[in-house]
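A.B. asks: Mind looking over this structure? Questions follow.
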Amino acid sequence: MTTELAWHFVGATLRDGRPIPPDGEWLVYEGPIEMCFTGLHASTRILDALVDAPGGTICRVEVGEVDERDGDKLVARRRRILWRIEGDAILRAFARRAALSVAHLWEIPDVVRLYLETGDETLRDAASAAASAAARAAASAAASAAGRAAASAAAWAALNADLHSAVATAAGHPEDKP
């Protein structure tokens with residue numbers, strides 16, 4: 001069987017209510033497979049997996065018997081967790097780094113910059129309110145659609161590589177490269 005590496009996020013249980021299996025144990029789906037409805041889902045890129053995350057546990061998985069691919073995700077008959085890490089702190093730090101990477105594009109309120117730089121949770125609500133107000137004010141000055149699309153593709157790839165490396169390193173698997 002040919003397998004490939006992918007990413008999958010889990011909550012307290014699998015979406016069908018079954019317990020999360022231990023690392024190394026293959027899950028096998030026997031029924032008909034339908035993308036987004038049945039089968040064992042995963043994404044090749046970690047940011048794509050994050051979009052559909054039901055919880056904050058990040059799993060590096062191996063999938064086999066891939067039945068279908070749809071852009072950012074795949075569905076397979078077999079999936080096993082190779083390793084996992086609780087991702088809340090990693091994902092918050094990643095989000096702050098991502099926001100700081102574009103801070104030069106707008107007049108960032110002091111409380112927002114301070115929260116992004118320090119991660120001080122006591123500042124989060126104030127930073128969120130200030131950032132929302134600033135975003136509404138800046139919306140009319142947005143770049144053209146073509147410029148946003150080109151910048152978005154490059155930024156998405158860079159952010160994916162950053163998050164992939166941060167998670168793999170935090171989980172003790174720095175050899176797992178994007």
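None of the figures in this text is laboratory data; all of them are computed from the coordinates on show. Computed from a predicted structure; not experimentally measured. Cβ coordinates were reconstructed from backbone atoms using ideal geometry, including for glycine residues, and neighbour counts include every protein chain displayed.
A.B. asks: If we count GluC sites (Glu not before Pro) as exposed when they sit in a DSSP loop and have at most 14 other beta carbons within 10 Å, what is the longest stretch of the chain that avoids them all? Mind dumping the intermediate values first?
C.D. replies: Details: sites that count: Glu25, Glu30, Glu107, Glu175.
Of all site-free stretches, the longest is 31-106.
A.B. asks: Within the chain, what's the longest run with no chymotrypsin sites (Phe, Trp or Tyr not before Pro) in a DSSP loop and at most 16 other beta-carbon atoms within 10 Å? Give the range, please.
C.D. replies: Values: sites that count: Phe37, Trp106.
The reported range is 107-178.
A.B. asks: Quick check on the exposure proxy: order Met35, Met1 from fewest to most C-beta atoms within 10 angstrom. Before the final figure, lay out the partial values.
C.D. replies: Values: Met35 14, Met1 6.
Fewest to most other Cβ atoms nearby, the residues stand as Met1, Met35.
A.B. asks: Same structure again: Which of Ser132, Ser165 comes first, and how do the rest follow, when ranked by fewest Cβ neighbours within 10 Å?
C.D. replies: Values: Ser132 11, Ser165 15.
Sorted ascending by nearby Cβ count, the order is Ser132, Ser165.
A.B. asks: Going by C-beta contacts inside 10 Å, put Asp48, Asp72 in order with the fewest on the left.
C.D. replies: Numbers: Asp48 18, Asp72 13.
Fewest-to-most ranking of Asp48, Asp72: Asp72, Asp48.
A.B. asks: With +1 on each Lys and Arg Cβ and -1 on each Asp and Glu Cβ, how big is the dipole of the chain about its Cα centre, in debye rounded to the nearest 20? Write down the numbers at each step before the final one.
C.D. replies: On the way: 19 positive and 25 negative charges, 49 e Å.
Value, rounded to 20: 240 debye.
A.B. asks: Right, next: Please compute, for the alpha-carbon atoms of segment 56-107, the extent along each of the three principal axes and give them in descending order in Å.
C.D. replies: 49, 25, 11
A.B. asks: Work out, step by step, the length gained on full extension between Thr3 and Asp120: first 0.36 nm times the residue separation, then minus their alpha carbon distance; give nm to one decimal.
C.D. replies: 38.0 nm
A.B. asks: Once Rh is set to the Kirkwood radius over Cα pairs, what Stokes-Einstein translational diffusion coefficient, in µm²/s, holds for segment 1-73 at a temperature of 37 °C and a viscosity of 0.692 mPa s?
C.D. replies: Numbers: Rh = 12.7 Å.
Rounded to a whole number, D works out at 258 µm²/s.
A.B. asks: If you average 1/r over every pair of different alpha-carbon atoms in segment 1-145 and take one over that average, what Kirkwood value in Å do you get?
C.D. replies: Values: mean 1/r = 0.0571 Å⁻¹.
Averaging 1/r across every pair of different Cα atoms and inverting gives 17.5 Å.
A.B. asks: Shifting gears a bit: Provide the per-residue ³J(HN,Hα) series for segment 33-44, in order, calculated from phi with Karplus coefficients 6.51, -1.76, 1.60 and θ = phi - 60°, each as a whole number of Hz, with x at glycine and proline positions.
C.D. replies: For segment 33-44, the Karplus-derived couplings read 9, 9, 3, 6, 10, 9, x, 10, 9, 6, 9, 5 Hz, x marking Gly and Pro.
A.B. asks: Return the calculated 222 nm mean residue ellipticity for the chain, to the nearest 500 deg cm²/dmol, obtained by summing -39500 (n - 2.57) across DSSP H runs with n ≥ 4 and dividing by the residue count.
C.D. replies: -12500 deg cm²/dmol
A.B. asks: List the residues whose amide H sits under 5 Å from the amide H of His41, counting only those 5 or more places along or on another chain, with H placed 1.01 Å from N in the peptide plane.
C.D. replies: Ala76
A.B. asks: Return the FRET efficiency for the residue pair Val51, Arg18: r is the Cβ-Cβ distance, R0 is 30 Å, and the value is rounded to the nearest 0.05. Let's see the in-between values first.
C.D. replies: Working: r = 23 Å, r/R0 = 0.75.
With R0 = 30 Å, the Cβ-Cβ based efficiency is 0.85.
A.B. asks: Another one. 5 Å is the cut-off here: which amide hydrogens, built 1.01 Å from N in the peptide plane, fall below it relative to Val61, excluding neighbours closer than 5 in sequence?
C.D. replies: For Val61, whose amide H was placed from the backbone, the distant partners under 5 Å are Ala6, Trp7, His8, Leu82.
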